[in-house]
Amino acid sequence: MQDVQATAPLHGSLSLIEVSGEYQRWQLDVSHSGKGSISAHFRSGMSADLKLSGANGERIWAWSDEMMFTQALRKETISAGSSLQFRFDVPAPFGWLRR
């Protein structure tokens, strides 16, 4: 998420949920365990991104590299106790992890 102005805690977890010969599907769960609402401000249609880095920190691949997004300012309200889910398909050449 971009430009999150939080008044309560957000927690994230990334899980491998599916493996095929063509891709690995990862899921990012973001939960709001605090009180009140959080406003997340975005500058495009992209709500989340997944980036893979090498051992030296060099960028190898990013989900957003293969996507196009609208250019629009938007705001999303995350209520207390709610969660958001984002899924990313990582192509096989980059998916070296196995279940």
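Any read-out appearing in this document is the output of simple, stated calculations on the displayed coordinates, not a laboratory observation. Computed from a prediction, not measured in an experiment: that's the story for all the values here. When we count neighbours, we look across all protein chains shown, and the Cβ atoms used for this are built from the backbone with ideal geometry, even at glycine.
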Kirkwood Rh in Å, taken over region 14-71 so that all alpha-carbon pairs contribute
14.3
About the Cα centre of the chain, what is the dipole size in debye to 20, counting +1 per Lys and Arg Cβ and -1 per Asp and Glu Cβ, all else neutral?
240
Cut-off 10 angstrom, C-alpha nodes, Gaussian network model of the chain. Which of Ala72, Ala48, Ala80 fluctuates the most?
Ala72
What ³J(HN,Hα) values, in whole Hz, does the Karplus curve 6.51 cos²θ - 1.76 cosθ + 1.60 give for region 29-39 when θ = phi - 60°, with x put for Gly and Pro?
9, 10, 10, 10, 9, x, 10, x, 9, 10, 9
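Given a cut-off of 24 Å, what percent of all Cα-Cα pairs of the chain lie beyond it?
Details: 1548 of 4851 pairs.
Here the long-distance tail beyond 24 Å is 32 percent of all Cα pairs in the chain.
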Relative contact order for the chain using alpha-carbon pairs under 8 Å, separation at least 6, rounded to a whole percent?
35
